[in-house]
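Derivation of every value follows stated rules applied to the coordinates shown; laboratory data play no part. This structure is a prediction, so every number in the text was calculated from the model and none was measured. Neighbour counts run over all protein chains shown; Cβ positions are idealised from the backbone, glycine included.
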Amino acid sequence: MRNVFAALLLSSIPLIAQTPCDCIDKGDIKERIKRDTAAIEAYGKEITKLAMTPYTTPGRVALQSRVNTAMSAINTPGRIPLQASGSTDNNCNIVVNAPTKCLEEAIRTHEKVHQDACRATYDQHHVIFRRKAMDRFEAMNMTMAGYIMEEVSGYQAEIMFLQKELARLERDCQPPPPPHGRDYSSRSYSPSDDGGSQPPPARGAHDSSRPKPITAPPMVKPKPLPAPKPID
């Protein structure tokens, strides 16, 4: 009976959703958003040149090399950028390589776009498995523009996730307010006989424990002597 009551009690407690990003991830999030934005801008320049170009694996590799160069050019002074990557194979399985849980979830959000597109076109994969195409893009006779648009959608999803996490962290990770009251941590004053455990008196306050300074009496100006009388 006791175990049943404990189970009911635990079931009544609302579970707190675990979030992958923490306060320490704020800098990495900002850096990653800048890199994702650079990737989208690089794809935008490429799509005008490759609009009607048929998709090929060598063409994809060359394109990704140029986009990765644009992303690597984003370096915030004083910060070592964390490398993270992901991929979706021909079986629509996601593989993520990231140093933190926050970046791992961001990359997984990106790859989820590719996974959904992969599953939607899984009927064409028999062409891949018969080795008549390298991947689903070749199997579907897509253009480089079609490939680029899917990549842009992945980076946009990643940015939306990171911006949402950053807004939450900016709200929840505020620095603590300064302490109230006088701070007696400075020990520049002479400690008292009790080992300095008592704070010094406030400036201008009277301290009865200190002896009064000895002051000299005021100087009395001597009276001038009378002038001597003349001798008859």
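With neighbours defined as other Cβ atoms within 10 Å of a residue's Cβ, the residues Cys21, Cys92, Cys102 order from fewest to most as Cys92, Cys21, Cys102. Spin-label pair Gln83-Lys164: with each label point 7 Å from Cα along the Cα-Cβ axis, the two points sit 3.0 nm from one another.
When the chain is fully extended, how far beyond the present Cα-Cα distance does Ser65 get from Arg130, taking 0.36 nm per residue of separation? Could you put the intermediate results ahead of the total?
On the way: separation 65, 0.36 × 65 = 23.40 nm, distance 2.85 nm.
Extra length from Ser65 to Arg130 when fully extended: 20.6 nm.
Residue separation times 0.36 nm, minus the C-alpha to C-alpha distance between Ala120 and Gln156: what's the value? Show your work: numbers first, answer last.
Numbers: separation 36, 0.36 × 36 = 12.96 nm, distance 1.97 nm.
Taking 0.36 nm per residue and subtracting the Cα distance, the gain is 11.0 nm.
If Lys and Arg each add +1 and Asp and Glu each add -1, what is the summed charge of the other residues whose beta carbon sits under 11 Å from the beta carbon of Asn93?
On the way: positive: Arg119; negative: Asp89, Glu111.
Around Asn93, the charge tally is -1.
Among the trypsin sites (Lys or Arg not before Pro) in the range 27-102, none is located in a DSSP loop while being surrounded by at most 10 other Cβ atoms within 10 Å of its own Cβ. Near Ala120: Cβ cut-off under 12 Å, other residues only, Lys/Arg at +1 and Asp/Glu at -1. The net charge is -1. Remark: the range 21-32, residue by residue, has Karplus-estimated 3J(HN,Hα) of 9, 10, 4, 5, 8, 4, x, 5, 5, 4, 5, 5 Hz, where x stands for each Gly or Pro and the curve is 6.51 cos²θ - 1.76 cosθ + 1.60 at θ = phi - 60°.
Using θ = phi - 60° in the Karplus curve 6.51 cos²θ - 1.76 cosθ + 1.60, the 3J(HN,Hα) couplings for the range 115-125 round to 5, 5, 5, 5, 5, 5, 10, 5, 4, 7, 6 Hz; x is entered for Gly and Pro. Applying 1/(1 + (r/R0)^6) with r as the Cβ-Cβ distance of Lys30 and Thr57 and R0 = 45 angstrom yields a FRET efficiency of 0.85. Amide H contacts of Thr143 (H built 1.01 Å from N, in plane; Pro and chain starts excluded): Tyr55 sit under 5 Å, all sequence-distant by 5 or more or on other chains.
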